[in-house]
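This is the structure, below, for whatever I ask next.
The values are calculated or read from the model by the stated rules, or taken from the named source; none is laboratory data. Worth saying up front: this structure is predicted, and the values here are computed from it rather than measured. So basically every Cβ, Gly included, is an ideal-geometry build from the backbone, and we count neighbours across all protein chains shown. Calculation scope for accessible area: heavy atoms of the full protein, side chains included, ligands and nucleic acids excluded. Shrake-Rupley method; radii C 1.70, N 1.55, O 1.52, S 1.80 Å.
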Amino acid sequence: MELILTALLALAATPVSSSQSSECFQGPKDYCKDSTEESGCRYLSDANDTALCCHLKSFAFKEWISVLQTNRNLSKLYIHFTILDELNMNMFWSPTLKSLTFTDGQAPRVVRANKTTLTSLKCLNLSSNQIVDFDSRVTADLPSLELLDLSNNNLTNFSLIKAENSNRSLPQFWLDISNNKKVWCANITRLRSRKHGTGDLDFLNKNNTACTVLREEYWFPVVSTLTFHQLDQLDKVDEQCRKDTPCTCQVIRYLILEDQSLSLHISANCSGKNLTALPDVPAHTVSLNISNNNITSLKRFKTDANYSEIKELYAENNQIMSLQEIEASEFLKHFQILDIRGNKLTEIETYIYNNAFDGDNHKIVRLAGNKVLCDCNTALHVKVKDLDQNKVCKHQRVWTDYINYIIACEVVLLLLLVSKVSYDYWVFRTAGYLPWPASKMPKMPCDWVFET
């Protein structure tokens with residue numbers, strides 16, 4: 001310890017440079033020698049407020065950092081090319097420290113065991129250290145923090161805890177997590193939706209920021225990498241949807257095209273909004289839920305281009321009276337689900353369904369709960385699913401409904417009569433007399449044929 005203190009006093013008397021840097025993410029690492037033998041710390045200004053440390057060994061790191069922080073003028077500390085098993089933020093405690101850089105080294109874990117006293121720290125640069133695990137509580141004790149640089153690391157799961165009693169004059173909090181391609185996109189989405197103090201959280205180096213997402217492509221799970229701008233496009237779908245429509249929206253599937261743009265498939269939920277007409281929906285909507293409203297017409301499926309990609313329609317419990325308005329629409333050609341239960345349909349257009357179901361056995365139509373006047377051939381179309389004849393086919397029965405039963409009875413009586421006559425003839429031929437019922441019957445003109 002005495003040796004380190006003596007070295008620092010000597011270095012303070014002969015500073016390397018009088019220039020100062022106000023940026024925490026770009027320390028003067030050019031002053032560090034390539035050789036690890038040139039290890040130690042030095043001051044870079046006459047005021048001894050800026051210190052540079054290079055190639056520190058793990059056993060000497062704590063002593064150097066402890067001695068430097070006894071200097072009450074210290075406001076900037078740059079540490080480069082230092083390898084540690086973990087970087088414990090509790091080793092930094094100076095209340096005058098405003099800029100701390102630990103970069104171009106190795107510290108797989110950044111931890112914080114106890115509350116720190118870095119109340120003045122504005123800039124924290126931990127870039128290029130192969131960091132895998134960052135303790136979210138690190139930022140909880142940094143009320144003045146304006147910039148956190150975690151770029152060029154190996155982060156996967158990542159979050160931040162807002163500092164308590166943060167400085168309310170902070171205009172914005174900047175975060176750089178560029179070149180951490182293994183970080184999950186859900187972490188970035190959560191960060192984008194939160195505040196740091198009263199200032200908005202924003203990202204630096206967006207063009208170099210990417211993340212990993214597990215998504216479904218053609219019904220198979222696929223791990224993909226999204227750029228920040230692609231993620232921004234996804235995250236803004238619901239925000240824009242709420243702004244322009246009465247619905248909530250989410251991206252249920254997307255494809256990454258060759259030009260790196262996204263082909264979106266959006267689900268819009270407009271249920272229970274007291275709507276009397278079909279609402280505006282965003283482009284690329286493939287699933288629409290308008291259940292539990294008072295909608296009467298589906299005409300917009302033919303007139304609105306944003307309705308042309310819809311393949312699933314959930315319209316249960318509305319006031320829809322006819323499906324003729326979707327005749328020849330793109331929806332009718334390509335739909336997969338049509339749920340229109342509990343409406344006011346009075347007729348089912350058979351020709352519409354004949355066209356719709358040709359060549360596709362996987363489409364689903366739900367029509368129960370409609371008082372439809374129809375013949376059962378229409379109602380029981382072989383490919384219409386979830387259809388209850390007793391609930392849908394409502395009509396008065398007439399005598400022709402029983403014609404099949406009448407014909408069946410006549411056929412049975414005819415067979416009995418033929419059997420009886422055949423039996424009587426057989427008895428007469430074998431025994432020479434007719435059974436009692438036949439012998440009492442009067443002779444007919446044609447009996448002479450059988451007597452000869």
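Say the cut-off is 24 Å between C-alpha atoms; which of Lys299/Lys344; Lys62/Lys181; Lys98/Lys162; Lys122/Lys182 go over it?
Lys62/Lys181; Lys122/Lys182
If I model a spin label as a point 7 Å beyond the Cα along the Cα-Cβ vector, how far apart are those points for Glu86 and Arg429 in nm?
Taking the simple label geometry, Glu86 and Arg429 are separated by 10.8 nm.
Which order do Asp46, Asp424 take when ranked by solvent-accessible area (1.4 Å probe, heavy atoms of all protein chains), largest first?
Asp46, Asp424
Could you check the simple spin-label distance between Ser224 and Asn294, using points 7 Å along Cα→Cβ, in nm with one decimal?
4.2
On full extension of the chain, what length is gained from Val421 through Lys333, given 0.36 nm per residue of separation minus the C-alpha to C-alpha distance?
25.5 nm
So how much slack lies between Asn71 and Ser159, counting 0.36 nm per residue of separation and subtracting their Cα-Cα distance, in nm?
28.4 nm
Accessible area, 1.4 Å probe, largest first: how do Lys122, Lys62 sort?
The ordering from most to least exposed comes out as Lys62, Lys122.
Give me the percent of the accessible area of segment 214-267 that comes from carbon and sulfur atoms, probe 1.4 Å, all protein chains in place.
53
Restricting to DSSP loop positions (anything but H, G, I, E, B) with no more than 13 other Cβ atoms inside 10 Å of their own Cβ, which GluC sites (Glu not before Pro) remain in segment 37-100?
Glu37, Glu38
Does segment 259-333 come out rounded, prolate or oblate, given a ≥ b ≥ c as the square roots of the eigenvalues of its C-alpha gyration tensor, rounded meaning a/c under 1.5 and, failing that, prolate meaning a/b above b/c?
Here segment 259-333 falls in the oblate category.
Quick one: length gained pulling Val132 to Lys371 fully straight, 0.36 nm per residue minus the C-alpha distance?
79.8 nm
Mind running the shape call on segment 54-184? Use the C-alpha gyration tensor, a ≥ b ≥ c as the square roots of the eigenvalues: rounded below 1.5 for a/c, prolate if a/b tops b/c, oblate otherwise.
It comes out oblate by the Cα gyration axes.
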